[in-house]
Structures are given as structure tokens and as C-alpha cells.
Number of protein chains: 2
Amino acid sequence: MEGESKSSVDVIDEGSEGKGKELLVGTCDLVMRLLAFVMTLVAAVVIVADKQTAIVSIKLVDSEPPLDVPVTAKWHYLSALVYFVGANATACAYATVSLVLTLANRRKGKGMETLISVFDALMVALLFSGNGAAIAIGLLGLQGNSHLHWNKVCNVFGKFCHQTTVSLFTSLLGSTAFLLLLVVPPLLRLKRTN
Amino acid sequence: MEGESKSSVDVIDEGSEGKGKELLVGTCDLVMRLLAFVMTLVAAVVIVADKQTAIVSIKLVDSEPPLDVPVTAKWHYLSALVYFVGANATACAYATVSLVLTLANRRKGKGMETLISVFDALMVALLFSGNGAAIAIGLLGLQGNSHLHWNKVCNVFGKFCHQTTVSLFTSLLGSTAFLLLLVVPPLLRLKRTN
């Protein structure tokens, strides 16, 4: 009798623990998806609005003095930044769709859950490749490369580079949110073995 | 009686189907992990062995004729390629460890499976960021950027760029294998709803 009552208590405990865990997983999922949406949106908007015009001295003829000409830096002059914007815009659009699907269907089936996690994984690959490309170009702009005679440009376009850094940082936060969407739910669902 | 026998047949069918599915998932996991190991190893080795010396005409003084000097291109002259090598080497080492763990413990517990899938997700992020960085720099080397006055260098270091492309391609295959490790098992395990 005592054993029976203990076992039924265990079942109730396990059931409520399971429900609590699923509630925690669902809340984490929503928070991280919302964070991913906001961060990728901010990253895309900040870099698309990034533009700076600076006066640069250019020597056209060796015997003549250099000419001061206005030169403009824009994000779409660099294919890496175009890819970065595309990756963040795609991830932002997907985050919106997945948020709506998650909110409309809180008790989503296994099929929908699997499909969403597959797309989350694709977004991680897309966003991190975009971040890698943009950071590589950003570092070149900041430091240049003496071996290849690629001069640094951030000493001239300081505001442009600063805004790009802000965009990169927010994109990294958004990408980490997508990565956590893959990593955290399985870890939370894991039963404690000890 | 008829219904009872039908239901027991269903249970047997479902059980054997489940075992068949798990065998398929296990085989896919091993094949993709092996592919990821080989591809990331080849990518790292090919780019580390990448080196080319070319004769370049450099004008030191305007009034003097240009001088022909030997210039060497090496992977570690570019921080993006250093990161790319680091990412592939790390992923290759992890693929070895995870292969050994998977082979030694075919019936791995839920805890080990979750831990491995968490590291698989981290490898996807690491490898794709490395690929993005290397592709961005590779495209600059191939096409240059007229806005920033960064000249293309692949017209001089053709062999170096060709070998980098091979390494990038194999790294992309290895990264896709890691991505498939995240995506395929949940899709295979998914029960057909229709």
C-alpha cells in the first residue's frame, strides 16, 4: 500500500515535472526566436543605412599637386556586405514566420517541430557564413594587408566602419539566438541521470 | 480475436520498422561523420600546403625602371585563412573524437546523443563562419575592389588561388556533412503522419 502510494506520487511528480520542462522549453523558444528576429532586423537596417562621404586626396598626375575629391562608402560596394544583408534579411523573415507558427500553434506536432528545427539549423549556417564574410572584410578595412598592398580604409571612413561594427555585433547576437534554439531545448529536455 | 491478432501484428511491424529506422539513422550518422572528418582534414592540409612564389614588377622610384622581385603568397598572411584553417582543424579533431565515441558506443544513451548534437551544431557555426571569411577574401583576391583600390591578386598567384578554391570546396562539403548530421536524423525519425 505504501509502495503503491509512493509510485503514484512519483508518476504525478514526473508528469508535472515534464509539463514544467515543456513550459520552460516553450518560453525559451519564444524568447530566443523574438531575440533572433529583433537582432537580425536591427543588423540589416543598420548596415543598409550605413553611408559616409569623406574628402580624399587623389594624385592624378605625378607632377601636379593632389586633388581633394569626395568619396562615398556604401554597403553594396562590397559583395561580402551584400551577402551579410541578404543573410540577415532572410533570417529575419524566417524568424517572423516561425514566431507566428509557434504562437498560433503552441502545441505544435512533432512534424512541425522537426521542420522548424531543420530551418533553424539552415539559418545558423546562413547567418554564420554571413558573419564570417563581413568580419573578414571588416578586419581588412580596419587593418589592411601589407602583403597584398590592400590599404586600410577605416582611418578615412570611421563612421561607416563604426556602424558596420554595430551591425556585426547585433547580427552575432541574432545568430547566437538561432544557435541556442538548436542547443538549449535538447539540453533542457534531457533527464537528469543522477 | 481478429482485431487482437491485427493489433499484435501492428506492434511487431512498428517495432521492426523502428529498429530499421534507427539502423538507417546510425548508418547515415557514421557515413556523414566520416565524410566530415575526411573533408575537413583535406581542406586544412590543402590550404596549409598552399604556397606560391611569383615574380612581380615593383616601381621603387618614379624615375627608375621597375624592379622584378620574387614575392611569396602564403595562407598565414591572411587572418581569414588562418581562421579557416583553425575552424577546419578543430572540426576535424572533433569529428575524430565523435567517430570514436559513436563506434565504441553504438547504443549511446540519450545524454551522449544530445551532447554530440550540441557539438555538431557548434561545428556548423564554426565551419560556416570560416567558409564565409575565406570565400569573402577569395572573391577579393579574384576580382579586387575598385571602390577601395584593392587590386586582384589571383592574376599573379593563379596556382595559390586555385589550391585555395579546392580547399574551400572540400571545406564546404565537410560543413554540409555536419549540417546534415543535424538535419537528417530528426527527419528520418519523423513518423509518417499519412
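The values are calculated or read from the model by the stated rules, or taken from the named source; none is laboratory data. Because the structure is predicted, anything quoted here is derived from the model rather than measured. Note: ideal-geometry Cβ built from the backbone for every residue, glycine included; neighbour counts use all protein chains shown. Side chains are part of the model used for accessible areas, which takes the heavy atoms of the whole protein and leaves out ligands, DNA and RNA. Shrake-Rupley method; radii C 1.70, N 1.55, O 1.52, S 1.80 Å.
Here's the yes/no breakdown for (1) closer than 28 Å to A:L139 by Cβ; (2) open to solvent by less than 30 Å² (accessible area, probe 1.4 Å):
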| residue | (1), (2) |
| --- | --- |
| B:H76 | yes, no |
| B:F84 | yes, yes |
| B:T90 | yes, no |
| B:G111 | no, no |
| B:V124 | yes, yes |
| B:A133 | yes, yes |
| B:I137 | yes, yes |
| B:Q143 | yes, no |
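Here is the figure for the stretch A:127-179: residues that are more than 13 Å from the chain's Cα centre (by Cα), away from every other protein chain (no Cβ under 11 Å) and polar (S, T, N, Q) total 4.
The residue that is modelled with the highest pLDDT, counting only those in the stretch A:184-194 that are in contact with a Ser or Thr (Cβ under 9 Å, 6 or more places away or on another chain) and open to solvent by 70 Å² or more (accessible area, probe 1.4 Å), is A:L187.
Within the stretch B:137-194, the residues that satisfy the criterion of being among the polar types (S, T, N, Q) and closer than 17 Å to B:S117 by Cβ are B:S175, B:T176. Which one is nearest to the other protein chains (Cβ to nearest Cβ) among residues in the stretch B:62-91 that are without any contact (Cβ under 8 Å) to a residue 60 or more places away in the chain and touching a Ser or Thr at 6+ places or on another chain (Cβ under 6 Å)? So, considering only residues that are without any contact (Cβ under 8 Å) to a residue 60 or more places away in the chain and touching a Ser or Thr at 6+ places or on another chain (Cβ under 6 Å), the one nearest to the other protein chains (Cβ to nearest Cβ) is B:T72.
From the list B:L181, B:L103, the one residue that fits, being among the aliphatic types (A, V, I, L, M), open to solvent by 70 Å² or more (accessible area, probe 1.4 Å), closer than 18 Å to B:A36 by Cα and in contact (Cβ under 8 Å) with a residue 60 or more places away in the chain, is B:L103. For B:N145, state whether it is under 20 Å from B:K51 (Cα atoms) and at pLDDT below 95. Taking the combined requirement at face value, the residue does not satisfy it. Based on what the data block shows, is A:V46 open to solvent by less than 50 Å² (accessible area, probe 1.4 Å), at pLDDT 85 or above and in contact with a Leu (Cβ under 8 Å, 6 or more places away or on another chain)? For A:V46, the condition - open to solvent by less than 50 Å² (accessible area, probe 1.4 Å), at pLDDT 85 or above and in contact with a Leu (Cβ under 8 Å, 6 or more places away or on another chain) - is not met.
Within the stretch A:113-122, if we keep just the residues that are under 20 Å from B:A125 (Cα atoms) and not small (G, A, S), the residue that is surrounded by the most Cβ atoms within 10 Å (Cβ to Cβ) turns out to be A:D120. Assessment of the stretch B:96-119 against the conditions (in contact with a strand residue (DSSP E or B) (Cβ under 6 Å, 6 or more places away or on another chain) and either within 13 Å of chain A (Cβ to nearest Cβ) or aromatic (F, W, Y) (or both)) yields no matching residue. Among the residues of the stretch B:49-73, those that are open to solvent by less than 70 Å² (accessible area, probe 1.4 Å) and within 30 Å of B:T170 (Cα to Cα) comprise B:A49, B:D50, B:Q52, B:A54, B:V71, B:T72, B:A73. Scan the stretch A:145-169 for residues that are small (G, A, S) and surrounded by fewer than 23 Cβ atoms within 10 Å (Cβ to Cβ) and the total you get is 2.
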